[in-house]
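Read the structure below first, then the notes.
The values are calculated or read from the model by the stated rules, or taken from the named source; none is laboratory data. This is a predicted model, so every value here is computed, not measured. Backbone-built Cβ (ideal geometry, glycine too); neighbour counts: all protein chains shown.
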Amino acid sequence: MLPTPTSPDAAWPRVGAIVLAAGAGRRMGHRPKCLLQLNGRSLIDRQLEAVVQAGLASVLVVLGHHAERIQQEATLLQWGARWVVNPDPDAGHVSSLHTGLQALPPDLDAVMVLLADQPMIDVSAIQALIHAYAARPQGTHMVQPSVQNLPGNPVVLSSTVVSQILAGGIQMGARQWQQLHPEKTYRWKTPDARYRLDVDNAQDLQTLKTLTGHSLLWPSDLIR
């Protein structure tokens, strides 16, 4: 759970979570990347555990391609996660974001948007990002990790950003909002390379092994 704020008058924001897992995994042989396993557990399972243990208020998984196979992961229910299916996942990342934001409860102060293919995002990484959001400069509404001046994930969006994204139509996502409002984006500088690690293709799997010593393996029914 999140630690107590240092100021007695401070209050931690009520942060929900969206885990985006709707992709086709074309560069991985049309397989769901979130089912890759690290030490015998799927990435989606590990990430949901981290989100719940970090104390986020609501957890939602956005599915699309491979939805039925991913739903077979019984641990989705174990961690109390809900899921919603993007009816048109080929419309892209922004459509999945809209699908998730529309399904979250309206009483959240902020939303953390996570990518399901980031193997090293754990409780400490999530809590550090929430700390950064709670301590963000006045007037900023989006927090994105910046590792050696390169953008990372997850990101945190205030309720103001959520409302503006939904009002902006299907072409308005977090990146588009950031481009329109660079002065309202807090690029949180951190040396933590975990925020930059994801697995889009076979080369990324090798890079992960080189950098961390960890190997990701497919479950038996997805081995080809």
Looking at the range 198-214, is at least one residue surrounded by 15 or more Cβ atoms within 10 Å (Cβ to Cβ), more than 30 Å from Glu68 (Cβ to Cβ) and without any contact (Cβ under 8 Å) to a residue 60 or more places away in the chain? no
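Of everything in the range 79-120 that's small (Gly, Ala, Ser) and in a loop (DSSP other than H, G, I, E, B), which residue is surrounded by the most Cβ atoms within 10 Å (Cβ to Cβ)? Outline the logic, then answer.
The initial filter retains those residues of the range 79-120 that are small (Gly, Ala, Ser), namely 80-81, 91-92, 95-96, 100, 103, 110, 116.
Then keep just the ones that are in a loop (DSSP other than H, G, I, E, B); that gives 80-81, 92, 116.
Working: Gly80: 11, Ala81: 21, Gly92: 15, Ala116: 26.
Only one residue tops the list, namely Ala116.
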Of the residues that make up the range 40-53, is at least one in a loop (DSSP other than H, G, I, E, B), modelled with pLDDT of 95 or more and not basic (Lys, Arg)? no
Which numbered condition trips up Val143, out of (1) among the hydrophobic types (A, V, I, L, M, F, W, C); (2) within 30 Å of Leu211 (Cα to Cα); (3) in a helix (DSSP H, G or I)? (3)
Residues of the range 162-185 being free of Cβ contacts under 8 Å to residues at least 24 places away in the same chain and within 18 Å of Gly139 (Cβ to Cβ), which ones? Ser163, Gln164, Gln179, Leu180, Pro182
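Hey, among the residues in the range 114-161 that are of a type in the set (Gly, Ala, Ser) and closer than 15 Å to Arg175 by Cβ, which one's farthest from the chain's Cα centre (by Cα)?
Ser146
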Does Val162 satisfy the condition of being closer than 30 Å to Trp12 by Cα, of a type in the set (Val, Ile, Thr) and at pLDDT 95 or above? yes
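Could you tell me whether any residue of the range 163-171 is closer than 17 Å to Ser96 by Cβ, polar (S, T, N, Q) and not in a helix (DSSP H, G or I)? Lay out the reasoning, then the answer.
If we filter the range 163-171 for residues that are closer than 17 Å to Ser96 by Cβ, which is where we start, we get 165-166, 168-171.
Those left that are additionally polar (S, T, N, Q): 171.
Then keep just the ones that are not in a helix (DSSP H, G or I); that gives 171.
Yes, some residue in the range 163-171 is closer than 17 Å to Ser96 by Cβ, polar (S, T, N, Q) and not in a helix (DSSP H, G or I).
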Pull up the range 40-78, narrow it to residues that are touching a residue at least 60 places away in the same chain (Cβ under 8 Å) and among the polar types (S, T, N, Q), then point me to the one that is surrounded by the most Cβ atoms within 10 Å (Cβ to Cβ). Gln47
Given (1) out of contact with any Pro (no Cβ under 6 Å at 6 or more places or on another chain); (2) in contact (Cβ under 8 Å) with a residue 12 or more places away in the chain; (3) of a type outside the set (Gly, Ala, Ser), index of the condition Thr190 fails: (1)
Of all residues in the range 26-57, which are touching a strand residue (DSSP E or B) at 6+ places or on another chain (Cβ under 7 Å) and closer than 19 Å to Trp83 by Cβ? Pro32, Cys34, Leu35, Leu36, Ile44, Arg46, Gln47, Leu48, Val51, Val52, Leu56, Ala57
